[in-house]
1. Can you bin segment 292-422 into rounded, prolate or oblate? Criterion: square roots of the alpha carbon gyration tensor eigenvalues sorted a ≥ b ≥ c, rounded for a/c under 1.5, prolate for a/b above b/c, oblate for the rest.
2. Report the relative contact order of segment 44-182, percent, no decimals, based on alpha-carbon pairs under 8 angstrom and at least 6 residues apart.
3. Answer rounded, prolate or oblate for segment 285-337, using the Cα gyration tensor with square roots of eigenvalues a ≥ b ≥ c: rounded when a/c is under 1.5, else prolate when a/b is larger than b/c, else oblate.
4. What ranking do 293-302, 84-93, 241-250 get when scored by the average of other Cβ atoms within 10 Å per residue, highest first?
5. Given a cut-off of under 8 Å on Cα pairs at least six residues apart, what relative contact order in percent is computed for segment 107-155?
6. In percent, how large is the relative contact order of the chain, given Cα pairs closer than 8 Å and 6 or more residues apart?
7. If I require 27 Å or longer along the helix axis, counting alpha carbons, and a Kyte-Doolittle average no lower than 0.0, what helices from the chain are left? Use full DSSP H segments.
8. Hey, can you rank 211-218, 63-70, 367-374 by average C-beta count inside 10 Å, highest first?
Amino acid sequence: MKSKSISLLLGMSILGTVALAGCGTEAAGQKSGSAPQNASAKAVDTTPVKLKFAVHLPLTEEFKQLYIEPVAKKYPHITLELISASSFKAYDELIASGEVPDLYISFNGNMPGLKDRAINMDMKPLFQKNQVDLNRFEQNYLDDIQYAATEKGELYGLPIETGFHALYYNKDIFNKFGAPYPKDGMTMEDALELAKKVTRIDNGVQYRGWDVASIVRMAQPLGLEYIDRKSEKAITSSESWKRVFELGKQIYSIPGNEPAKDSKKNGLNGFINDRSIAMLNETSKFSQLKEAQGLNWDVVQHPFYKDKPNIYGNSTVYMVGAVPTTKHMNQVLQVIEVLTSDEVQMNVSKSGRVSPLKNDAVKKAFGQGDSSLKDKNIAGIVKSTPVKYPIYLYREIAEPLTTKKFDVFLKGSDDVNTVLRELDEEINKAVEIERTKK
């Protein structure tokens, strides 16, 4: 879909007229992140308004408590109509039906696709005009938003939480086989050797030592891209991609550790429900794990490559941004103000979600408000930092093709060079087809 599919003229005119009420501004004698001292002097339009709010995060009760209730408390005139939008298809359907949202929560990796659909906009001029204090946020997370799509530095919104990568493990499986628990500071090779010790059949049950969840996630700590930015040609036949494919095959070639034919036994489902997976490297999954009754789990630092110590994959920065065609930009900015406030972000951190704020008190509160995390090694998670987010071209094309090609390599071919050369060809062909549509 071309960017011209929705007119940006209205959004651009809004930039020249909107006034920001709060949104983390900093005035003389005012602490960063607090409400402006002269806020009472500003006329606040309290006319009831309903905003369509497209959200990529799961719309759980926890989400509503963290983000929606504080908005209703501070700005009761604003009603947020929540719309689940975890795919580009969801946005395409909203656009086709004329139900374009006023604001959205998505993650930085989705910015190119949302830009193609004219859903996002560069909010940096708006933030600068209204003296929004961007110094409240960790710079790497702002960078991840700005450079996820281009190198021009567009800031499509503000971060509200960030995903992390970690290694979850089932303590009961390690106890069953008398194997040592995973620990912080393991390399990929360390985790591979440990997986061999807990990949066994017991009472007819095949226990798998390590499920890596996704081969593309294994590539992320190396900052690998699929397509060269200048030539727009595939670059998956590189030595680095070869290294990732071969490591993935080593892990799944442990006898008994190959992915189960029943998909419900793989990944997060296999870890939480089937409980036959000893180790799983995944992103932020506390919400799901808290609901797993009787699962004896813990977590450690994500394994890293020897030449990339203490680095895990893409940070998945969830951010809130305005849709340029909204007729309620002032109210949208009021919502952004609340979601990025110190008060809300303190609760975000306490819940076990990583806040993007520099605020030390907020950082130290990570996981402290959740009794279910009291005895978990959550400190190990933050011993690593995310890789700089790559600039992905045609990610929605290249990533699925890469996953499928790894399955081909895993199930049959031993010639990794041929497999990756074929992957380059398939990506280039698919991209060329996509170009002809524009």
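1. Working: a/c = 2.42, a/b = 1.36, b/c = 1.78.
Oblate, since a/c reaches 1.5 and b/c is not below a/b.
2. On the way: 131 pairs, mean separation 28.8, N = 139.
Dividing the mean separation by the residue count of segment 44-182 yields 21 percent.
3. Working: a/c = 4.90, a/b = 1.74, b/c = 2.82.
Oblate.
4. Details: 293-302: 17.1, 84-93: 15.4, 241-250: 18.6.
Listed from highest to lowest mean packing, they are 241-250, 293-302, 84-93.
5. Working: 31 pairs, mean separation 23.7, N = 49.
It comes to 48 percent, rounded to a whole number.
6. Details: 790 pairs, mean separation 104.3, N = 438.
Reported relative contact order: 24 percent.
7. Working: long enough: 416-436 (30 Å, -0.54).
Counting only whole DSSP H runs, no helix qualifies.
8. Values: 211-218: 21.0, 63-70: 17.0, 367-374: 14.1.
The peptides rank, most packed first, as 211-218, 63-70, 367-374.
We did not get these values from a lab; they are worked out from the coordinates using the rules stated. Given the structure is predicted, the values throughout are model-derived calculations rather than measurements. No Cβ is skipped: glycine too gets one built from the backbone with ideal geometry, and neighbour counts run over all protein chains shown.
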